[in-house]
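Right, one structure below, let's go through it.
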Amino acid sequence: MLKVRSSRMPHPCELEVWTARPGDFDTAATQDLHGLLDDGERARAARFRHEADRRSYVVTHALRRLVLARWLEADPQDICFSQEPGGRPVLLAPSDSGLYFSHSRSREAVACAVTKVAPVGVDVEAVRADAIDEQIISRFVAPDGAADLARDQRVARFYFQWTALEAFWKAQGQGLSDGNPRIECRRHSDGQFEVWLEGHADGARARLIAVEQSERICATVAICSTAEVRTQLFNANAQLFTARQGHEMLSAG
Ligand SMILES: CC(C)(COP(=O)(O)OP(=O)(O)OC[C@H]1O[C@@H](n2cnc3c(N)ncnc32)[C@H](O)[C@@H]1OP(=O)(O)O)[C@@H](O)C(=O)NCCC(=O)NCCS
């Protein structure tokens, strides 16, 4: 079984966001990362019908273990997860860590966010210009008032709002629900976006951090803090490959 040690590094930033591309991991690499998972994760991985989904699941869950191990100064395989009734994953062991974390996976890209500042959520979506549904998103996100946008701007707005929406409700420990108030994505004077709830004038609920906004991928983090949070983004591919070889890993220097 793959055994890796976590790097005992200080954490100069308040929020770390790690991303990886599952497509960069061949069968052997995925199988090695599979060795980091527990029995429950392996059973879920085995249930995916498509190899691309299985690979994405394995890479995400291995990444989550490696990232949290670094923060907890623990071995990745010693971490145990449980779930709140609404579906939010929580740490069972080590307990009382004060860590907030979230992950998201798609076939094209995955992400894991971790912080001690406040509850956090992350969402990653593959951008498909022909799949945007502005009708559906208007059930969950209040209109931003921008009219006459070009098609590519509307696509970009859709994916930013969608990932903000899912990241925000994950940070709240809930999924999407028609019972939730609509969110508003408002730009703060410092340029960052905030999440407000429609009909609630009592202040912003979260900050949004655009992790990636490319033609192929959109990834956004929501953190339930109204202050600016020092954030560092990492590409985890190299570290995951290193972890496969059993070396000291996830050094963020
Ligand atoms: C929870 C939800 C936001 C996840 O988004 P997604 O794009 O489907 O999936 P992601 O890959 O981004 O995230 C999956 C992870 O979210 C986490 N998650 C699930 N429920 C969560 C919750 N309530 N709070 C925080 N995190 C949650 C899990 O850890 C899950 O990981 P796993 O499946 O790898 O174990 C979404 O599934 C949802 O809103 N579900 C509620 C019900 C629903 O489907 N409503 C649709 C109405 S249109």
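The values are calculated or read from the model by the stated rules, or taken from the named source; none is laboratory data. Predicted, not measured: the structure shown is a model, and the values here were computed from it. Don't worry about glycine lacking a Cβ; one is built from the backbone with ideal geometry, like all the others, and counts go over all protein chains shown.
So here's what we get for this one:
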{"read-out": "Pair list, Cβ < 7 Å and 6+ apart or interchain, from the range 82-107 residues that are modelled with pLDDT of 95 or more and within 11 Å of the ligand (Cβ to nearest atom) to residues that are outside any strand (DSSP E or B) and of a type in the set (Ser, Thr, Tyr)", "value": "HIS103/THR60; ARG105/SER56; ARG105/TYR57; ARG105/THR60; SER106/SER56; ARG107/SER56"}
{"read-out": "Near pairs, Cβ below 7 angstrom, 6+ apart or cross-chain, from the range 49-72 (assigned by TED's automatic domain parsing to the domain that holds PRO22) to any residue that is within 14 Å of the ligand (Cβ to nearest atom) and basic (Lys, Arg)", "value": "ALA52/ARG107; ASP53/ARG107; SER56/ARG105; SER56/ARG107; TYR57/ARG44; TYR57/ARG105; THR60/ARG105"}
{"read-out": "Scope the range 163-213; condition surrounded by fewer than 16 Cβ atoms within 10 Å (Cβ to Cβ), in contact (Cβ under 8 Å) with a residue 24 or more places away in the chain and farther than 30 Å from ALA236 by Cα; matching residues", "value": "ASP178, GLU198"}
{"read-out": "Positions within the range 46-71 being surrounded by fewer than 19 Cβ atoms within 10 Å (Cβ to Cβ) and either of a type in the set (Gly, Ala, Ser) or within 16 Å of PHE101 (Cα to Cα) (or both), in sequence order", "value": "ALA46, ALA52"}
{"read-out": "Condition met for GLU73 (modelled with pLDDT under 95 and either hydroxyl-bearing (Ser, Thr, Tyr) or farther than 21 Å from GLN232 by Cβ (or both))", "value": "no"}
{"read-out": "Qualifying residue in the range 217-236 (condition: crowded, with 20+ Cβ neighbours inside 10 Å, among the hydrophobic types (A, V, I, L, M, F, W, C) and assigned by TED's automatic domain parsing to the domain that holds ARG21)", "value": "yes"}
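This table checks each residue for (1) within 16 Å of the ligand (Cβ to nearest atom); (2) within 23 Å of the chain's Cα centre (by Cα); (3) over 26 Å from PHE101 (Cα atoms).
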{"residue": "PHE140", "(1), (2), (3)": "yes, yes, no"}
{"residue": "PRO143", "(1), (2), (3)": "no, no, yes"}
{"residue": "LEU149", "(1), (2), (3)": "no, no, yes"}
{"residue": "LYS170", "(1), (2), (3)": "yes, yes, no"}
{"residue": "ASN180", "(1), (2), (3)": "yes, yes, no"}
{"residue": "ILE183", "(1), (2), (3)": "yes, yes, no"}
{"residue": "ARG187", "(1), (2), (3)": "no, yes, no"}
{"residue": "GLN192", "(1), (2), (3)": "no, yes, no"}
